[in-house]
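Report on the structure given below.
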Amino acid sequence: MSGSPLPLVFDAPARGKAPKHWLDLTPDERRETAEKLGLPRYRADQISRHVFDRLEDDATHFTDLPAAIREDLAEQIFPSLLERVTTRTADKGATVKTLWKLHDGSLLESVLMRYPNRSTLCISSQAGCGMACPFCATGQGGLKRNLSQAEITIQALAANQMLTRGEVPGTTGRLNNIVFMGMGEPLANYRAVLGSIRTLLAPSPDGFGMSARGITVSTVGLVPQIRKLTEEELPLTLAVSLHAPDDELRDEIVPVNNRWKVAEVVDAAWDYARTTKRRVSIEYAMMRDINDQVSRAHLLADILKRRGDWGWVHVNLIPLNPTPGSKWTASRKEDERAFVATLERRGVPVTLRDTRGSEIDGACGQLAATVEAS
Ligand code: SF4
C-alpha cells in the first residue's frame, strides 16, 4: 500500500453533524472499517489498543502501523472533535472544568473531580438542552444539537489523558466514575449515549473496560426512555432529577413534568431499581422558598415510601448553584437542615451533596453561558 492514500470510508458529515470518528463505531464496525481501508482486520484491534489502552488519539503516532498510511488514517478516522477553549480549576486543583469547542463552534463542558481515592468525570451529552428548566443556565439557551457518540466518549478519553499525564494534582490513575450530568438530557440522545456507555464498558481492545457500577445516567424523567434503559439490563446507576414531589410545582420547575407526571416518573424509577438491583438516586436541587419547605420533605418521603422499602432509593439534595441574574437561588442553611432532618426522621436515606466547583461556574452550562456571553 506504500504511498497510496487509503480509500474513503466515511461519507462527508451531513450539515450540523460531527465528522465521523473511530469512537462512533461498534467493535464490529471498526473491523469492517479496517477491511474497507484495505487493512487486515487485526489492524482494527491494534488501532483500538492505541485509543483505549494507551489513550492516544493521534494516528500519526501509531508507529506499529505502516508509516505510509498514518497521515491518511489520522485525517479520515481521527478527525479533531474537541478543541480546548479554557480550563478552570477550583478546590485546590481537585476540580477541573474544561470548556470545549466542537467543530461547528458549539461549546460544551466537562468537569473532572478528584477525591482521595477516586476520580469522577461529569460529561455532557448534548450541546445545550431542550428541557427548559427555568433555574438552569443550560436550559435557558435551548438545545443546539445532540452530541455524537464520539463527541461524548472523547470527553472521557481527554479526562483520562489529563489524569495519566499528571495534569490533575494528587492522582495519576484512570477515571473510576462517569456521571452523565453535564449539559443536556442524556436520555433525549439515547442512541449516542448508550453507544458511548457500551464503549466505556467494553474490555480492551474494544473499550475502556470501566465498571457499569461506576457510571451514572441522569434524567429529568423521560419515562419511555427510562423503561428502555431498564430493558438494557446494564447495572448502571440511574439518577432522576425530581426537584419537586408534587405535580403543581414540578410542572413549573421541570417543564417535562407536563408530559410525564411525578407518579409515572417514580414508578419507572422503581421498576429500574427492581430490575437492575441498583439503587436509584433521586436528585433534588434545593431552591430557596420554592421547593425547600418541610411540608415538601414529607411529601417526598410519602411518594418514595409508597414504592416499597427504602433499599431502592437514595435522595441526593443539591444546594443550587445560583445562575447569575436568575431569581432561583440556594436555600438558607436552616431550611436545608430542616429538610434533611425531616427526611431522616422519616427513614429516607439522604445526603446533602457538596458543591464542587461553585467558584468556577460549576453548575451545568454556566461556564459555557459565561463564555458565550463574553
Ligand atoms: S437542569 Fe438538566 S434537564 Fe433541565 S434544562 Fe438544565 S441540563 Fe436540561
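The values are calculated or read from the model by the stated rules, or taken from the named source; none is laboratory data. Just so we're clear, the structure is a prediction, and the values are computed from it rather than from any experiment. When we count neighbours, we look across all protein chains shown, and the Cβ atoms used for this are built from the backbone with ideal geometry, even at glycine. With ligands, DNA and RNA removed, areas are computed over all heavy atoms of the protein, side chains included. Shrake-Rupley method; radii C 1.70, N 1.55, O 1.52, S 1.80 Å.
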Point to revise | Residue-count net charge about M286 - beta-carbon cut-off 14 Å; Lys, Arg +1, Asp, Glu -1 | key: -1
Study note, to complete from the structure: With G173 itself left out, Lys, Arg at +1 and Asp, Glu at -1 over residues whose Cβ is under 14 Å from its Cβ give +3
Practice item. Scan around V85 for amide H atoms under 5 Å from its own, H built in the peptide plane at 1.01 Å from N, and keep only partners 5 or more places away or cross-chain. Key: L99, W100, K101
Practice item. Add +1 for every Lys or Arg and -1 for every Asp or Glu among the other residues with Cβ under 11 Å from the Cβ of D104, and state the total. Key: +4
Revision key, fill the gap. With all protein chains present and a 1.4 Å probe, the order of L320, L299 from largest accessible area down is L299, L320
Review point. Please state the Cα pair-distance histogram of the chain with 20 angstrom bins from zero: what percent is in each bin?
Key: 28, 55, 15, 1
Practice item. Quickly estimate the mean residue ellipticity at 222 nm for the chain, helices only: each DSSP H run with n ≥ 4 gives -39500 (n - 2.57), and the total goes over all residues, rounded to 500. Key: -10000 deg cm²/dmol
Practice item. Using a Gaussian network model of the chain whose springs link C-alpha atoms within less than 10 Å, name the residue from A269, A156, A90 with the highest mean-square fluctuation. Key: A90
Exercise for review: Heavy atoms only, probe 1.4 Å: what % of the accessible area of segment 78-135 goes to carbon and sulfur, would you let me know?
Suggested key: 49 percent
Revision key, fill the gap. Of the listed links K17/K101; K92/K333; K20/K101; K228/K305, those spanning more than 19 angstrom between alpha carbons are K92/K333; K228/K305
Exercise for review: Averaging sequence separations of C-alpha pairs under 8 Å and six or more residues apart, then dividing by the length of the chain, give the relative contact order as a whole percent.
Suggested key: 14 percent
Review point. Mind listing P(r) for segment 154-298? All alpha-carbon pairs, 5 Å bins, whole percents.
Key: 2, 9, 17, 19, 17, 13, 10, 7, 4, 1, 0
Review point. Heavy-atom accessible area per residue, segment 22-77, 1.4 Å probe: how many Å²?
Key: 45 Å²
Check your understanding: Using the C-alpha gyration tensor of segment 22-77, what are the square roots of 5 times its eigenvalues, in whole angstrom, with the largest one first?
Key -> 15, 13, 10
Study note, to complete from the structure: So, relative contact order of segment 222-310 in percent, Cα under 8 Å, 6 or more apart, is 39 percent
Practice item. Mind jotting down the distance between the C-alpha centroids of segment 287-355 and segment 206-284, whole Å? Key: 17 Å
Check your understanding: For segment 26-121, which trypsin sites (Lys or Arg not before Pro) are in a loop by DSSP, counting at most 14 other Cβ atoms within 10 Å?
Key -> R41, R54
Review point. In terms of solvent-accessible area of protein heavy atoms at a 1.4 angstrom probe, what is the ranking of D28, D64, highest value first?
Key: D28, D64
Check your understanding: Near the amide H of S119, under 5 Å away, which other amide H atoms are found, from residues 5 or more places off or on another chain, if H is placed in the peptide plane?
Key -> N176, N177
Point to revise | Solvent accessible area, Å² - E35, 1.4 Å probe, full protein context | key: 100 Å²
